[in-house]
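No lab work stands behind these numbers, since they all come straight from the coordinates. Here the structure is a predicted model, which is why all the values come from computation and not from measurement. Here Cβ is always computed from backbone atoms with ideal geometry, including for glycine, and neighbour counts include all displayed protein chains.
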Amino acid sequence: MITTGNTVLITGGSSGIGLSLAKRFLSLQNTVIITGRDTTRLQQVKNDHPGMVTFAGDLTEQSALDELRLFLEQHHPGLNTLVNNAAVQYNYSFVQEPDILTKIDYEISTNLSAPLKLTGMLLPLLLQNKNSAIINVSSGLFIAPKQSAPVYCATKSAIHSYSKALRYQLENSGVKVFEIIPALVDTPMTAGRGKSKISPDQLTEEFFNDFSKDRFESYIGKTKLLKLIHRISPKLADRMMKNG
Ligand SMILES: NC(=O)c1ccc[n+]([C@@H]2O[C@H](COP(=O)([O-])OP(=O)(O)OC[C@H]3O[C@@H](n4cnc5c(N)ncnc54)[C@H](OP(=O)(O)O)[C@@H]3O)[C@@H](O)[C@H]2O)c1
């Protein structure tokens with residue numbers, strides 16, 4: 001991919017991995033639009049990086065998706081890169097969680113329905129522009145899940161499967177489909193848990209290396225090793241990740 005001169009939308013670009021990707025795209029002379037729910041945090045990013053364009057909205061709401069599409073069509077019709085990054089992770093027990101239905105809905109809606117809907121809604125723009133890409137962020141947890149976050153892991157498996165199938169559908173179009181498969185990254189999502197995390201900027205470094213070479217599946221950090229272990233011994237990979 002040509003990594004400069006694009007118009008890039010990054011969902012969840014106000015924090016963690018999304019913010020690191022946004023900063024890199026901006027530094028490479030791309031127009032970068034980031035989204036998030038928290039307007040204060042978006043404004044802070046804008047203060048720190050004046051070139052950044054922000055859009056506030058909860059992507060679980062159809063009205064926010066509609067407003068975002070309208071905003072892009074009117075102000076950024078050159079959009080050619082969609083980064084489906086925003087997600088939440090809830091850790092709870094199916095036996096003990098009192099608010100389980102709300103949590104299931106919100107997690108699936110943010111992590112799976114929103115990226116799928118946004119892709120469908122923005123494909124007309126992506127198809128009409130050149131050097132287009134869809135970049136989906138899954139997780140090493142699609143290879144082997146952890147017990148504490150069943151719904152999160154299920155959404156990431158779905159994102160992996162969906163990315164492959166969409167890549168097949170679009171292989172004769174001008175839109176390339178990429179997937180970032182992160183290991184544990186030091187972000188607000190993982191605050192207070194996990195060891196040997198990599199930094200968001202290390203992820204960005206590895207991803208841009210793959211992205212610029214059209215490597216569609218970008219296994220980051222230890223997920224390369226996990227993929228290998230899973231190929232040799234799925235049971236061992238499961239054991240390693242179960243209590244992750
Ligand atoms: N960190 C890791 O170790 C790790 C590992 C594997 C995969 N990942 C994946 O990497 C991606 C980024 O994660 P992260 O660790 O960078 O998380 P993060 O720091 O918590 O950032 C999540 C971003 O998504 C936004 N967001 C969350 N829910 C939203 C919603 N309903 N509507 C709109 N925006 C929403 C948040 O902004 P607001 O709160 O302001 O809405 C924030 O900008 C996710 O897809 C995650 O699953 C992370």
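Quick check: the angle from helix 200-212's long axis to the longest principal axis of the chain, C-alpha only, nearest 10 degrees?
60 degrees
Starting at the first residue of region 216-230, write each ³J(HN,Hα) from the Karplus equation 6.51 cos²θ - 1.76 cosθ + 1.60 with θ = phi - 60°, in whole Hz, x for Gly and Pro.
With the stated coefficients, region 216-230 comes to 6, 10, 9, 7, 9, x, 6, 5, 5, 5, 4, 4, 5, 4, 4 Hz.
Show me, for region 4-14, the HN-Hα J-couplings you get by feeding each phi into the Karplus relation (A = 6.51, B = -1.76, C = 1.60, θ = phi - 60°), rounded to Hz, glycine and proline as x.
Result, ordered by residue: 10, x, 9, 10, 10, 9, 10, 6, x, x, 8 Hz.
Please compute the contact order of the chain in relative form: average sequence separation of alpha-carbon pairs under 8 Å and at least six residues apart, divided by the residue count, as a percent.
Working: 411 pairs, mean separation 46.7, N = 244.
Computed value for the chain: 19 percent relative contact order.
Put +1 on the Cβ of every Lys and Arg and -1 on every Asp and Glu Cβ in the chain; which of Phe207, Gln43, Ile33 then has its Cα farthest towards the positive end of the dipole?
Result: Phe207, furthest along the dipole toward the positive end.
Filter the trypsin sites (Lys or Arg not before Pro) in region 51-159 to those in DSSP coil with at most 12 other Cβ atoms within 10 Å of their Cβ, and list the result.
Values: sites: Arg69, Lys103, Lys117, Lys130, Lys146, Lys156; in loops: Lys130, Lys146.
Those that pass, being in a loop and sparsely packed, are Lys130.
Would you mind checking the tilt of helix 39-48 against the longest principal axis of the Cα atoms of the chain, expressed as 0 to 90 degrees and rounded to 10?
Approximately 70 degrees, to the nearest 10.
Report, in debye and to the nearest 20, how large the dipole of region 84-214 comes out about its Cα centre when Lys and Arg carry +1 and Asp and Glu carry -1 on their Cβ. Present the calculation step by step, with values, prior to reporting the outcome.
Working: 12 positive and 12 negative charges, 31 e Å.
With only Lys, Arg, Asp and Glu charged at Cβ, the dipole is about 160 debye.
Long-range amide H contacts for Val32: which residues qualify at under 5 Å (H placed 1.01 Å from N, peptide plane, sequence gap of 5 or more or a different chain)?
Val8, Val53
Give me the angle, in degrees from 0 to 90, between the Cα long axis of helix 150-169 and the longest principal axis of the Cα atoms of the chain, rounded to the nearest 10.
The helix 150-169 is inclined about 50 degrees to the chain.
Using Cβ counts within 10 Å as a stand-in for footprinting exposure, how do Thr35, Thr4 rank, fewest first? All intermediate terms of the calculation are to be shown ahead of the outcome.
Numbers: Thr35 25, Thr4 11.
The order, fewest Cβ neighbours first, is Thr4, Thr35.
Quick one: which residues, 5+ away or cross-chain, put their amide H under 5 Å from the amide H of Val137? H built at 1.01 Å from N.
For Val137, the qualifying residues are Asn84, Ile180.
Amide H to amide H under 5 Å from Lys176: which residues, 5+ apart in sequence or cross-chain, H placed 1.01 Å off N in plane?
Under 5 Å from the amide H of Lys176 lie the amide H atoms of Ser132, Ala133, Ile134, each far enough along the sequence or on another chain.
With a Cα-only, solvent-free Debye model of the chain, what are the log10 I(q)/I(0) values at q = 0.14 Å⁻¹?
The Cα Debye sum returns log10 ratios of -0.92.
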